[in-house]
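The values are calculated or read from the model by the stated rules, or taken from the named source; none is laboratory data. As the structure is a prediction and not an experimental result, all values here were calculated from the model. Positions of Cβ are generated from backbone atoms using ideal geometry, with glycine treated the same way; all protein chains shown enter the neighbour counts. Side chains included, ligands, DNA and RNA excluded: accessible areas come from the protein's heavy atoms. Shrake-Rupley method; radii C 1.70, N 1.55, O 1.52, S 1.80 Å.
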Amino acid sequence: MALNKIFIKRGFLNYLIFSGILFTNIINPYKSIALTQENIDIPKVVSYRSASCGCCKKWINHLRANGLEVVDNIVEDVSVIKNQYQIPNNLRSCHSAQIANYTIEGHVPIESINKLFREKPNINGIAVPGMPLGSPGMEIHSHDSHSHDYENYKVVSFSSTGKTKIFDKISP
């Protein structure tokens, strides 16, 4: 009888622990997914885009699918944000984001954002100029498309003085 009570108590404790983990994942799924990435603590992403931009929504979904919490701000004039964050004109793309003290411009992949927060360089931010085919948000999903059709592209870092440097090279 005493042995039976021990098994019942253990079963109940296991149930409570499992329920707590399940509840945590339901309440905050992005945070729990982030722990399965590279265990890099990346703060909330504050994104700015125009209402009509579909590729921007796809980029935001790319970040969310990789465990980041994203605040999606739809603004009338994105260039105001780009000016505020001192994004060099030659690096500008369709959307901008702020993560902690870093600016993220354009279709920057999660791998480069992870690298940014792993290395924490003394820069203003990183950018993917233009809209390279195959970058997050710029994928083509059809029976005829293949990953080898995607472009290689560079992620560029920039400083407050406008100095740029290759930060990462992406080969989809």
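For (1) of a type in the set (Val, Ile, Thr); (2) surrounded by 10 or more Cβ atoms within 10 Å (Cβ to Cβ); (3) modelled with pLDDT of 90 or more; (4) over 21 Å from Arg118 (Cα atoms), each residue gets a yes or a no:
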position: Lys31; (1), (2), (3), (4): no, yes, no, no
position: Ile42; (1), (2), (3), (4): yes, yes, yes, no
position: Val45; (1), (2), (3), (4): yes, yes, yes, no
position: Lys57; (1), (2), (3), (4): no, yes, yes, yes
position: Tyr85; (1), (2), (3), (4): no, yes, yes, yes
position: Asn90; (1), (2), (3), (4): no, yes, yes, yes
Answer yes or no as to whether Ile123 is open to solvent by 10 Å² or more (accessible area, probe 1.4 Å), part of a loop (DSSP other than H, G, I, E, B) and hydrophobic (A, V, I, L, M, F, W, C).
yes
Is it the case that the stretch 74-84 has a residue that's free of Cβ contacts under 8 Å to residues at least 40 places away in the same chain and part of a strand (DSSP E or B)?
yes
Failed criterion for Glu111 (all others in (1) open to solvent by 50 Å² or more (accessible area, probe 1.4 Å); (2) under 22 Å from Ser171 (Cβ atoms); (3) assigned to a loop (DSSP other than H, G, I, E, B); (4) not basic (Lys, Arg) hold):
(3)
